[in-house]
Structure formats: structure tokens, C-alpha cells
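K.L.:
Below is the structure I would like to discuss, written out as C-alpha cells.
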Amino acid sequence: MRIVQLYSSLSYGDAIGNDILALDSIIKAKGYESKIYAEYIDKRISPDLASDFSNYKPEKSDIILLHVGGASKLNKWIKTVNCKKIMVYHNITPPDFFKEYSPKSASYCQRGLEEVEDLKDTFDMVLAVSDFNRQNLIDMGYKCEIKVLPILIPFDDYKKEVSAEIIEKYQDDYTNIIFLGRIVPNKKHQDVIAAFNFYQKNYNPKSRLFLVGNPRDFENYGEKLREYTKKLEVENVVFTGHTKFNEILAYYKLSDLFLCQSEHEGFCVPLVEAMYFNLPILAYASSAIPSTLGGSGFLLKEKTPALTAGVMNRILTDNSLKNTILENQSERLSDFSHEKVAELFWKHMESILF
């Protein structure tokens, strides 16, 4: 028996790629044979870890874990295979977020959602990375067992050396607000900027906003954000663009609060990263964000610049509130340890293995 993980595009350092590689280690540590196949494999990933999908020859005794995060020929191929099959569902962004900026991306997401819905009678079980994702599949008509399994996060990587250059550049007496994530429309960077603008002009002029993310494929959205920043005449908004990992670590270490206004997340790994770096989190309660925070952080059920800025200021000036938030986040962070997620994975797999 082999446990085989499949994915369309295995990238280096992204959340799904990290999850697949971490699951591979967990499976091998348990003594099972583990294989990874993908249509595209980042050249930085060792050939010993993953092989081209064309090399995969399914066996009836295989257990396939198909990771789904978009449209792929694998989503159709999986219906033809006669073995135990599990979907790992990472979610797909609703296409309406992308139509204005990238019709191609919107079409890709639409196809992906249609393919996922078409697969509702295909799997023996689904592992959804959040309760939000689980509910999405139920709404699509999935009847199989659906379990929640958080993404495995490479915490040891966060202990690596940070960029001294970034630390030196921004280490001053400014209050630093951070949001980390791809520069894409669903993450609503404009709402982060609007809230920061109100905060800076009404509470703390010595403040700075780090928007850490790459606008690749959505450069027009990134440019619109820059124009919006100029229109508001807000100062000290830093668009980092493509950012090296040691620079990301530096931005986290420099920051005082993590502000998320995103309207669609399937899990949102940066929330867990903010927990790790002991940053209080203020987030809009959309999509998977409440389930990832699990009662920690500070959630807003509505968002206006004035309301969000006022809460930002309260968190940053009220040490009692800030410490309570950080204590709750620390407790929630423990739920994402490799040991706990691995234990949960094997608990979910019992019905498939035996």
C-alpha cells in the first residue's frame, strides 16, 4: 500500500506546497510508503521528493490524496481511478473578485469550482483545511465524510536569520502595522490602507504600514492601490513587492499589529504566522478567518475605516487588552503544532486505512 499525494503545481515555499511536503514526512515517519506527483514541480524541490505526474502508475491498493486549489486535469482524471481517494480541499477564490482585474484568473477559478462540484460523488473522504471549506463542500452537495485538517506550517523556518538590511532601515520609534499576502483583489488591501489612513491621521502620525506581497498577475490591482494611497495622501505605506523569506521575517519582527481585511480566505497562513511572532491580530470576520483564529485575535463583523482604526488604537494603547489577545493567540497557536496536526491526520485516516 502506498499513500500518494497529487497536485497540479507544486511550488516552493507556498502554503499548499509546504503542506504536501510536511504530510509526506509525517506519512514516511509512520512507516508507510509515500509518493508525491505533480503536473508542475518547482526546480528548487528535490527530485527525490516529487516526480512528474506522467510517471505515476496507479495501483488498486493506493490511497490517493488529491490536493485541490484550482482547475486541473487531475480533477477529471481522478474519477477514472479505482482505489481509495481522498480530497484535500484548500478552497478556490470566487471568480467575481477577479473579473475586473484578470478575466483569465476569474475563468480559471470558475472552472475550478465547477470541477470541484462535479467531484461531489468521487471521494471516500475529504480533508478540508478549515471549517469554512468544509461548509463550502456541503453546500455543493458533498455527502461523503468531511473532516477538518489544518495546513501544516513549517515553524522551524521562522527561526532562520532575518534580513539585517530591513531591520536597520525601519527600526525606529514608529508603530508598524503589517498585512502579508498576495496582492490580489479578494484580500482587500484598499480597506487596510483606508483604515491605516484614518489611524495615522487621527491617532498616530508616527505610524507605518507594511504591505508585504507580490502583485504578480494582478499588477493593475497593485497600481490601483498605489494610486489610492496617493489620493488619500497617506504617508509611510510600504509596498514590498517580491520579498525574500529573510525579509518577510524581518517585517514580522518589526511590526506591532497584524491587520487583515480580506474577504475570502480558505485558511490564511499569515494569521498563524502573526500568532507565532506574537503580534496582536485585528481581522474582518470573513470566510475561513474566524475558524483559523479559533476564538483568538480581535474580530470585526463590519469594517469601516473609523471603526477599524479605533480598534487598532485601542489594542495598541491598552496593554491589558493587548495581553489578553496575545494570550489567546498563544493558546490557539498550539493547535497548529506538527504533533497535534499529525495526530489529527492519523485519526482522520483510520477509517480509510483499516
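K.L.:
What order, most packed first, do the peptides 108-119, 246-257 have when packing is the mean number of other Cβ atoms within 10 Å of each residue?
P.N.:
So the peptides 108-119, 246-257, ranked by packing, come out 246-257, 108-119.
K.L.:
So which of Lys84/Lys120; Lys73/Lys340; Lys120/Lys187; Lys143/Lys301 end up more than 23 Å apart by C-alpha?
P.N.:
Those over the limit are Lys73/Lys340; Lys120/Lys187; Lys143/Lys301.
K.L.:
Now a separate question. Would you calculate, for the chain, the mean residue ellipticity at 222 nm contributed by helices, counting each DSSP H stretch of 4 or more residues as -39,500 (n - 2.57) and dividing by all residues, to the nearest 500? Can you show the working numbers first?
P.N.:
On the way: 13 runs with 146 residues, N = 354.
Rounded to the nearest 500, the figure is -12500 deg cm²/dmol.
K.L.:
Can you give the log10 of the normalised intensity I(q)/I(0) at q = 0.13, 0.17, 0.22 Å⁻¹, computed with Debye over equal Cα scatterers of segment 1-131?
P.N.:
-0.54, -0.92, -1.45
K.L.:
Still on this structure: For segment 1-87, state which chymotrypsin sites (Phe, Trp or Tyr not before Pro) are in a DSSP loop and have at most 14 other beta carbons lying within 10 Å of their beta carbon.
P.N.:
On the way: sites: Tyr7, Tyr12, Tyr32, Tyr37, Tyr40, Phe53, Tyr56, Trp77; in loops: Tyr12, Tyr32, Tyr56.
Answer by residue number: Tyr12, Tyr32.
K.L.:
Could you give the accessible area per residue of the chain, probe 1.4 Å, as a whole number in Å²? Let's see the in-between values first.
P.N.:
Values: 16310 Å² over 354 residues.
Using a 1.4 Å probe on heavy atoms only, each residue of the chain averages 46 Å².
K.L.:
Then there is this: How many percent of the accessible area of segment 217-354 is carbon or sulfur, using a 1.4 Å probe?
P.N.:
Details: 3000 of 6390 Å².
C and S atoms contribute 47 percent here.
K.L.:
Could you work out what % of the accessible surface of segment 1-158 is carbon and sulfur, using a 1.4 angstrom probe and leaving DNA, RNA and ligands out of the count? Write down the numbers at each step before the final one.
P.N.:
Values: 3390 of 7230 Å².
Carbon and sulfur: 47 percent of the exposed surface of segment 1-158.
K.L.:
Another question, then. If I take the Cα coordinates of segment 204-354 and project them onto the principal axes, what are the three extents in Å, biggest first?
P.N.:
62, 42, 31 Å, listed from the longest principal axis down.
K.L.:
How much of the calculated P(r) for segment 55-159 lies past 21 Å, in percent of all Cα pairs?
P.N.:
On the way: 2228 of 5460 pairs.
Tail fraction, whole percent: 41.
K.L.:
Normalise the Debye intensity by I(0) for the chain, one equal point scatterer per Cα, no solvent, then take log10 at q = 0.11, 0.12 Å⁻¹ and round to two decimals.
P.N.:
The computed values of log10 I(q)/I(0) come out as -0.77, -0.91.
K.L.:
If you don't mind, another one. When the C-alpha atoms of segment 139-253 are aligned to their principal axes, what extent does each axis show, in angstrom, from largest down?
P.N.:
Computed over the Cα atoms, the extents are 53, 35, 29 Å.
The values are calculated or read from the model by the stated rules, or taken from the named source; none is laboratory data. Being a predicted model, the structure only gives us computed values, none of them experimental. Cβ atoms come from the backbone with ideal geometry, glycine included; neighbour counts cover every protein chain shown. For the accessible areas, the whole protein counts, side chains as well, though only heavy atoms, and no ligand, DNA or RNA atoms are used. Shrake-Rupley method; radii C 1.70, N 1.55, O 1.52, S 1.80 Å.
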